[in-house]
Amino acid sequence: MRNESPVLAGRRITLRPPIEQDVLDYLACGTNAELTRMYGGDTRQLKALTLETATAYIDRIRSQPLNWCIEWEGRCIGEARLTVEAEDRKARYAVGIFDPGCWSKGIGTEATTMVLRYAFARLRLHRVDLKVLEYNRRAIRCYEKCGFVIEGKEREGAFIEDRFETDIIMSILEQEYRAMAANPEE
């Protein structure tokens, strides 16, 4: 597979396929314990980010059909991804901002809004869903702001750092997105 993501231009960010500079942008951010924890990784033995690891990360984005790099102020700071199941007109969504200096600036919300617009208007999907660790409150607030609703929990479904953690399952349906898009102030 190869990346077929169209360029999506937002108010402050651009979602686009990877370019070579993205490897260096990712490498410059280094390893971050909080980010690793929010992704469900083990923070007890963090290793320094290497050029090889950074290259592999960007190559993974490059290999997925709908996986965007998030560009803000001329550099790559994260990614957004849709994994589409065309037969059921649904997709699984994921977004991550790997540059901690860009957290809590509304960038994840803007990226999510842009991807949802693409998913429902261009791809004509009926449903977009996601899983997020229950302790990732910042992400859950972002998703709720974008119209996702909590469907349930996958209780103790993730084993992280010798503990079982719970995932929250969230989704937004086509009609919910259209109602929200028609009334952006609500």
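The values are calculated or read from the model by the stated rules, or taken from the named source; none is laboratory data. Please read all numbers here as calculations on a predicted model, not as lab measurements. Ideal geometry is used to build each Cβ from the backbone, glycine not excepted, and the neighbour counts take in all protein chains shown.
Observations, loosely collected:
- Residue match in segment 68-89 (condition: more than 30 Å from GLN45 (Cα to Cα), buried (at least 21 other Cβ atoms within 10 Å of the Cβ) and small (Gly, Ala, Ser)): no
- Among the conditions (1) free of Cβ contacts under 8 Å to residues at least 60 places away in the same chain; (2) out of contact with any helix residue (DSSP H, G or I) (no Cβ under 8 Å at 6 or more places or on another chain); (3) over 17 Å from CYS142 (Cα atoms), the only one that ILE58 does not satisfy is (2).
- Residues satisfying the stated conditions in segment 98-115, i.e. in contact with a helix residue (DSSP H, G or I) (Cβ under 6 Å, 6 or more places away or on another chain) and hydrophobic (A, V, I, L, M, F, W, C): PHE98
- Cβ-Cβ contacts under 6 Å between residues 6 or more apart (or on different chains), taken from a first residue in segment 119-135 that is under 25 Å from LYS153 (Cα atoms) to a second residue that is in a helix (DSSP H, G or I) and of a type in the set (Val, Ile, Thr), are listed as VAL132/ILE140.
- Contact map, segment 31-53: first residue on the phi < 0 side of the Ramachandran plot, second residue surrounded by 14 or more Cβ atoms within 10 Å (Cβ to Cβ) and of a type in the set (D, E, K, R), Cβ cut-off under 6 Å, separation 6 or more or different chains; pairs are THR43/ARG37.
- Screening the candidates GLY108, GLY101 for the property of being outside any loop (DSSP other than H, G, I, E, B) and modelled with pLDDT under 95 yields one hit, GLY101.
- Residue within segment 120-131 that is surrounded by 12 or more Cβ atoms within 10 Å (Cβ to Cβ) and under 17 Å from MET38 (Cβ atoms) present: yes
- Total residues in segment 136-186 satisfying the condition of being hydrophobic (A, V, I, L, M, F, W, C), more than 17 Å from ALA111 (Cβ to Cβ), touching a residue at least 12 places away in the same chain (Cβ under 8 Å) and touching a strand residue (DSSP E or B) at 6+ places or on another chain (Cβ under 7 Å): the figure is 6.
- Enumeration of residues in segment 128-145 that are within 13 Å of the chain's Cα centre (by Cα) and farther than 10 Å from ILE168 by Cβ: VAL128, ASP129, ARG138, CYS142
- Count of segment 41-56 residues which are buried (at least 17 other Cβ atoms within 10 Å of the Cβ) and under 18 Å from the mean Cα position of the chain (by Cα): 1
- Residue ID - farthest from ILE70 (Cα to Cα), chosen from residues in segment 3-23 that are surrounded by 14 or more Cβ atoms within 10 Å (Cβ to Cβ) and among the aliphatic types (A, V, I, L, M): VAL23
- Residue identified as buried (at least 16 other Cβ atoms within 10 Å of the Cβ) and of a type in the set (D, E, K, R) among GLU110, GLU151: GLU110
For every residue, the table says whether it meets (1) at pLDDT 95 or above; (2) more than 30 Å from LEU125 (Cα to Cα).
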site	(1), (2)
LEU24	yes, yes
CYS29	no, yes
CYS76	yes, no
ALA80	yes, no
